[in-house]
Amino acid sequence: MSPILNAVFELRARANHSNFATSTNELRQQWTEPTDVFSVLLLLGGDIVNKALAQLSGTVLTPVTFSFGWVSYAVTTFLASVGEVKLMPSATESPCLVITAKNGYFRSNSSWVISRVLSDYESWMDPAVRTRLEKMLDERQHYMRLKTRKGTKVPRPRQTGLCISIYEPSKAQTAGEPAHDLVYWTGLGVAVLQLVTAAIPIEACLNGETRNGLAARSSQNTYVLTRGIGAQHAIVILGNGRGLNLEDLAVAGQIRYACSDAVTRTCLAGISALWVSLLVTAAGVKTNTWFLLAVGGIGIVQNVLVAGCRRDPSALGVHLEFREVIGEMTAMDALIALEDKYTKVGRSLLPIFFPGKLLPEEVARWDALKAKAIQEAEAARLDMQGRPIAEPPESWTVHAKTFEKT
């Protein structure tokens, strides 16, 4: 091989070795003192911060710790203050219906609170509901075995019929005021841990030198929460004058509110500017960056856990007390049993779960329940003779009284 080619190959080998060494040094330096990554991470995860704040809001103190994503959330909040003024997360992740029992009107829910109450239901439902549901599944499996040849292996179904849980607003707790659970208090503990972590490099420096809408109350209406046709569960919340007006709450997310006042917009603008300043400052930090990442990492873990944690509805301000459960292998039998005990409630769900034409025998059963309800209403009317006439159920006076504090 000619000396020229040898020289060329030698130079190329040296260049490759030099590039490899440079890349290795850059990677080592980045993992030793990561610099730019912190400022980038501050822009990620704003939706997680939003959901964590929604989970813990409702009181004076909202213990959501510092984490990655606060910069983007702060800017988004400022934009919302001059736009639609909607700070709560969307309820589209878990759609459901809110049915008013007395008239059968239903609304597509847009409230994040109602959405979480229903989506977390299996974690907080009363043990009697779970027991009844297990019995319904066993009954359905037994029924299917009777319809098959002897010896046929019939798997246990995962869903059958309709399980209706009856709850009543708590009389001991005020609706709309969240209770503090373990998830709430973890925020304070994590904040202390973050301060300790942030203090480590400060202490090291000293040794080296000198040494983050509620609805109306007192509702008398009975409401039903369900995902609609095909759902396994329906939650009936009886009206006793102590609960929230779920009709108002369900449509709160669709209402366009007026822009916030100048003071609020100014404060949010200032907070957004401070967060952006932190972003710029963080980009210039060259030492002890792992401690910044540790503080943000601890916060993001806490925010993720808070945002995704299943909680009792009392932690969201919806205080309920269990009364009973009605469950049958078929949705029709469950609705009829519900209507027999709670007039108008079962009928209000009929067009939701059975939008089509009913069978003649089903029509006869519902007609019998209707006749029974008419007789009971007539007896109640005769019993009320001579007493003051109650206000019409749909009057604005009744609606106004739901805002009264009890």
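General observations
The rows are residues; the columns are (1) more than 23 Å from A52 (Cα to Cα); (2) modelled with pLDDT of 85 or more.
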{"site": "R242", "(1), (2)": "yes, yes"}
{"site": "L246", "(1), (2)": "no, yes"}
{"site": "R265", "(1), (2)": "no, no"}
{"site": "C309", "(1), (2)": "no, yes"}
{"site": "S314", "(1), (2)": "no, yes"}
{"site": "F322", "(1), (2)": "yes, yes"}
{"site": "I326", "(1), (2)": "yes, yes"}
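- The number of residues in segment 293-319 that are within 14 Å of A179 (Cβ to Cβ) and touching a Ser or Thr at 6+ places or on another chain (Cβ under 7 Å) comes to 1.
- Filter result for S115 (of a type in the set (S, T, Y), surrounded by 14 or more Cβ atoms within 10 Å (Cβ to Cβ) and either assigned to a helix (DSSP H, G or I) or not assigned by TED's automatic domain parsing to the domain that holds A334 (or both)): yes
The values are calculated or read from the model by the stated rules, or taken from the named source; none is laboratory data. Only a predicted model underlies this, so the values are computations on that prediction, with no experimental measurement involved. Every residue, glycine as well, gets a Cβ built from its backbone with ideal geometry; the counts of neighbours run over all protein chains shown.
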